[in-house]
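**Q** First the structure, then my questions, so here it is.
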Amino acid sequence: MNNCPMYSERFPARTEFVRIRSLDYHVWRWGAAEGSAPPLLLVHGWMDVGASYQFMVDALPEAMVQGRAILAPDWRGFGRTRPPQPTDHYVFADYLADLDRLIDHFSGDQPVDLVGHSMGGNIAMLYAGARPARVRRLVNLEGFGLPASPPEAAVRRYAQWMDELARLERGEMALKSYDSLEGVAGRLMKTNPRLSQDKADWLARHWAAQDESGRWSILGDAAHKVSSAQIYRVDEAQALYAAITAPTLAVQASGDSLSQWWQGRYTLAEYHERLKAVPDCRTVVIEDAGHMLHHDQPETLAGLIADFLAG
């Protein structure tokens with residue numbers, strides 16, 4: 001790596017594998033094995049890993065970290081949670097079932113505090129509606145959902161799904177690999193210009209692994225690039241939002257990634273309108289941050305989460 005000092009963890013993580021629904025789920029752990037406070041479960045976004053939360057965990061108050069179990073799984077097909085057999089697509093509902101079993105394993109009947117980023121935020125919101133008694137407090141970090149799709153969009157979507165399965169089989173959807181960890185860190189900094197060199201170097205070691213050829217490959221299954229066969233149903237999401245009983249904190253970054261992604265097809269105003277379905281929801285904006293706000297402003301975010309979970 002370069003001459004920049006490596007990021008030094010304040011609270012180094014431990015990792016373990018737990019058997020969840022035929023998979024060996026890789027889980028990052030901080031804090032106490034057990035504690036008086038509910039477990040804090042941190043779920044990551046698309047093409048990310050549980051280790052992504054390290055900077056935010058390091059910014060939490062020491063008493064909070066030492067007083068509870070803090071857990072961050074690698075979702076199926078990401079990080080070191082590998083499917084037992086090769087797969088050519090992933091079904092979104094599986095994440096909810098995985099989360100349900102993870103809570104069974106780590107918390108039993110005790111409700112958890114749940115934080116989700118991006119795709120993980122979408123999963124957390126839907127899960128909290130489907131299993132309201134299992135979530136004590138809920139934090140959604142830029143889990144915006146998707147633009148509304150009219151029913152007739154299903155015609156194109158099913159065709160697109162089948163076409164992408166064929167492209168994946170032909171090797172046309174493979175993820176890019178890199179010749180060094182420096183290349184991986186550079187990719188991370190290109191995607192997020194706010195990411196500092198020391199954090200990029202640290203993340204690169206957990207976001208990619210060296211293959212047999214010596215190249216560094218992202219720890220994500222290329223099958224995740226295959227679009228869902230089902231269109232996004234806003235009415236379904238709204239029904240689940242309305243069933244959430246946990247006090248909810250929706251955190252967004254000032255960078256407005258939503259507008260950049262969808263170019264007017266879906267706006268922050270529409271997202272905020274959807275959030276009105278959540279019975280107890282407050283929103284906050286973190287300044288000078290982009291979509292990876294837990295990397296850009298971990299201290300600010302940690303303070304917000306600590307205060308919110310303390311009630």
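Just so you know, all these numbers are worked out from the coordinates, no wet-lab data involved. Quantities reported herein were computed from a predicted structural model and do not represent experimental measurements. Neighbour counts run over all protein chains shown; Cβ positions are idealised from the backbone, glycine included.
**Q** Can you return the lysines within cross-link range of LYS190? Criterion is Cα-Cα under 28 Å, with same-chain partners fewer than 8 residues away left out.
**A** Partners within reach: LYS176, LYS199, LYS225.
**Q** Moving on. Which ordering of THR87, THR248 is given by a fewest-first count of other beta-carbon atoms within 10 Å?
**A** Taking fewest neighbouring Cβ atoms as first place, the list is THR87, THR248.
**Q** While we're looking at this one, here's another question. Can you find, among PHE78, PHE92, ALA128, the residue farthest towards the positive end of the dipole of segment 1-148? Put +1 on the C-beta of Lys and Arg, -1 on that of Asp and Glu.
**A** ALA128
**Q** Between THR191 and ALA133, what is the label-point separation in nm under the 7 Å Cα-to-beta-carbon projection?
**A** 3.9
**Q** Taking the Cβ of each residue in HIS206, HIS295 as the centre, tally the other Cβ atoms inside 10 Å and list the residues starting with the fewest.
**A** HIS206, HIS295
**Q** With label points built 7 Å along Cα→Cβ from the Cα atoms of ASP280 and GLN260, find their separation and express it in nm.
**A** Placing both labels 7 Å along Cα→Cβ, they lie 3.4 nm apart.
**Q** Just need the relative contact order of the chain here, percent rounded to a whole number, with Cα pairs under 8 Å and 6+ apart.
**A** Computed over the chain, the figure is 21 percent.
**Q** Normalised by the number of residues in segment 33-84, what is the relative contact order in percent for Cα pairs under 8 Å and 6+ residues apart?
**A** 48
**Q** Also: Rounded to the nearest 0.05, what FRET efficiency do GLU212 and THR15 have when you use their Cβ-Cβ distance and R0 = 22 Å?
**A** After rounding, the FRET efficiency stands at 0.45.
**Q** Then there is this: Please tell me the relative contact order of segment 153-239 in percent, rounded to the nearest whole number, where contacts are Cα pairs under 8 Å and at least six residues apart.
**A** Worked out over segment 153-239, it gives 40 percent.
**Q** Amide H of VAL112: which non-local residues (sequence gap of 5 or more, or other chain) have their own amide H closer than 5 Å, using H built in the peptide plane?
**A** HN-HN under 5 Å from VAL112: VAL135, ARG136.
**Q** Continuing with this model, one more query. For segment 55-129, state which chymotrypsin sites (Phe, Trp or Tyr not before Pro) are in a DSSP loop and have at most 14 other beta carbons lying within 10 Å of their beta carbon.
**A** PHE92
**Q** Largest first and in whole Å, give the semi-axes of segment 11-77's equivalent ellipsoid, each being the square root of 5 times a Cα gyration tensor eigenvalue.
**A** With the √(5λ) rule applied to segment 11-77, the semi-axes are 21, 14, 9 Å.
**Q** Segment 141-203: which GluC sites (Glu not before Pro) are DSSP loop and have at most 16 other beta-carbon atoms within 10 angstrom?
**A** In loop regions of segment 141-203 (DSSP not H, G, I, E or B), the sparsely surrounded GluC sites (Glu not before Pro) are GLU152, GLU172.
**Q** Further, regarding this structure: Any chance you could list the semi-axes, whole Å, largest first, of the equivalent ellipsoid that the Cα gyration tensor gives for segment 226-311, using √(5λ)?
**A** The three semi-axes for segment 226-311 are 23, 20, 12 Å.
**Q** If we count every other residue with Cβ under 13 angstrom of GLU287's Cβ, Lys/Arg +1 and Asp/Glu -1, where does the sum land?
**A** -3
**Q** Out of the DSSP beta bridges found with both residues in segment 163-311, what percent are antiparallel (nearest 5)?
**A** Within segment 163-311, antiparallel bridges account for around 45 percent of the total.
**Q** Counting other C-beta atoms within 10 Å, which of VAL139, VAL284 has the fewest, and how do the rest follow?
**A** So the residues, fewest neighbours to most, are VAL284, VAL139.
**Q** Note down the magnitude of the dipole of segment 1-151 about its Cα centre, charges +1 on Lys and Arg C-beta and -1 on Asp and Glu C-beta and zero elsewhere, to the nearest 20 debye.
**A** Roughly 160 debye for segment 1-151.
**Q** With each label point set 7 Å from Cα along the Cα-Cβ vector, what nm distance links SER22 and ALA310?
**A** Each label point lies 7 Å from its Cα, and together they span 4.5 nm.
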